[in-house]
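The structure under discussion appears below in the form of structure tokens.
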Amino acid sequence: MASPTRRLEGKVAIITGGASGIGEHTAKVFAEHGAKIVIADVQDQLGQAVCETIGSSNSIYVHCDVTDEEQVKNAVDIAVETYGKLDIMFCNAGITDPNKQRIIDNEKSDFERVLSINVTGVFLSMKHAARVMVPVRSGSIISTASISSNIGGAASHAYCCAKHAVAGLTKNLAVELGQFGIRVNCLSPYAMVTPLATGFVGVGGEALENVMNQLSNLKGVTLRTDDVAKAALFLVSDEAKYISGQNLFIDGGFSIVNPSFNMFKYPESP
């Protein structure tokens with residue numbers, strides 16, 4: 001097993017949506033632990049800037065629209081051509097739609113765009129990762145889901161549908177690829193400051209954190225993208241070698257609570 005300080009030594013990872021948010025922080029964490037990184041995104045300047053930060057000797061940027069199968073295939077092929085293999089696929093690219101409360105106000109085009117990127121994009125990333133992982137009988141595939149993969153009322157209809165689908169894809173693919181020694185898991189974080197969350201809620205930075213902390217179950221700590229990156233690191237490392245088909249919630253217990261019963265509420269301190 002790799003040393004605790006270099007848990008991905010010699011590994012090669014593709015991170016879709018790696019130019020910002022969770023993907024950017026995960027790319028940096030994976031690189032710190034010895035992985036070669038392929039940033040696959042449509043945000044060219046941001047993606048190239050992440051590679052410059054990580055270092056050109058162990059990272060490359062590939063323009064990739066995950067809804068275009070040829071572009072996804074190309075990103076995987078470039079990773080293998082550049083580094084000789086693919087050990088990790090992080091299907092992280094995602095969007096949300098405008099924050100409209102009523103389904104009658106939701107546009108079909110917005111709904112389909114969310115599903116195209118958040119579901120079809122994950123499917124294509126999984127498909128082409130499997131294409132190169134199955135012959136070598138090794139690999140780890142993870143995806144970004146959400147607390148909305150398990151509960152309703154936390155995001156838009158399109159986003160909730162999409163993240164439920166990611167959890168389902170994760171389970172199905174874990175069953176198929178287990179025979180080849182390939183693990184498949186997903187991550188379901190609570191809300192945090194990312195470009196996606198800021199755009200959906202309409203506030204960012206400390207203001208968004210304050211709102212989320214008021215609603216959270218676990219108090220005294222704030223979820224940040226680095227926490228999700230560390231959870232991703234665990235799932236793709238050898239420390240999780242017998243974990244597959246799981247949806248890891250990074251939500252401080254939020255999704256297991258029904259707050260309407262107001263159970264276990266201590267009185268306010270005098």
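The values are calculated or read from the model by the stated rules, or taken from the named source; none is laboratory data. Here the structure is a predicted model, which means the values were calculated and not measured. Note that each Cβ is placed from the backbone with ideal geometry, even for glycine, and that neighbours are counted across all protein chains shown.
Of all positions in segment 109-118, none carries a residue that is under 24 Å from LYS230 (Cβ atoms) and in contact with a strand residue (DSSP E or B) (Cβ under 8 Å, 6 or more places away or on another chain). Against the definition (within 16 Å of ASP97 (Cβ to Cβ), at pLDDT 95 or above and of a type in the set (D, E, K, R)), how does GLU112 come out, yes or no? In short, yes. Summed over segment 23-49, residues that are under 17 Å from the mean Cα position of the chain (by Cα) and under 17 Å from CYS64 (Cα atoms) total 11. The set of residues in segment 134-165 that are part of a loop (DSSP other than H, G, I, E, B), closer than 17 Å to ILE95 by Cα and free of Cβ contacts under 8 Å to residues at least 60 places away in the same chain comprises SER146, ALA154, ALA155.
In segment 166-180, the residues that are charged (D, E, K, R) form Cβ pairs under 6 Å with partners that are modelled with pLDDT of 95 or more and not in a helix (DSSP H, G or I), at six or more places apart or across chains, as follows: LYS171/GLY245. A single member of LEU235, LEU177 is part of a helix (DSSP H, G or I), within 17 Å of the chain's Cα centre (by Cα) and modelled with pLDDT of 95 or more, and it is LEU235.
What do you reckon, is LEU177 surrounded by fewer than 18 Cβ atoms within 10 Å (Cβ to Cβ) and more than 19 Å from ILE15 (Cα to Cα)? No; evaluated as a whole, the condition is false for this residue. Which of the residues that make up segment 216-232 are assigned to a loop (DSSP other than H, G, I, E, B) and out of contact with any strand residue (DSSP E or B) (no Cβ under 7 Å at 6 or more places or on another chain)? SER216, ASN217, LEU218, LYS219, GLY220, VAL221, THR222, ARG224 - these are the residues of segment 216-232 that are assigned to a loop (DSSP other than H, G, I, E, B) and out of contact with any strand residue (DSSP E or B) (no Cβ under 7 Å at 6 or more places or on another chain). Among residues of segment 209-227 being under 20 Å from the mean Cα position of the chain (by Cα) and of a type in the set (A, V, I, L, M, F, W, C), the one that is modelled with the highest pLDDT is LEU223. How many residues, within segment 70-104, are acidic (Asp, Glu) and either modelled with pLDDT under 95 or surrounded by 15 or more Cβ atoms within 10 Å (Cβ to Cβ) (or both)? Result for segment 70-104: 3.
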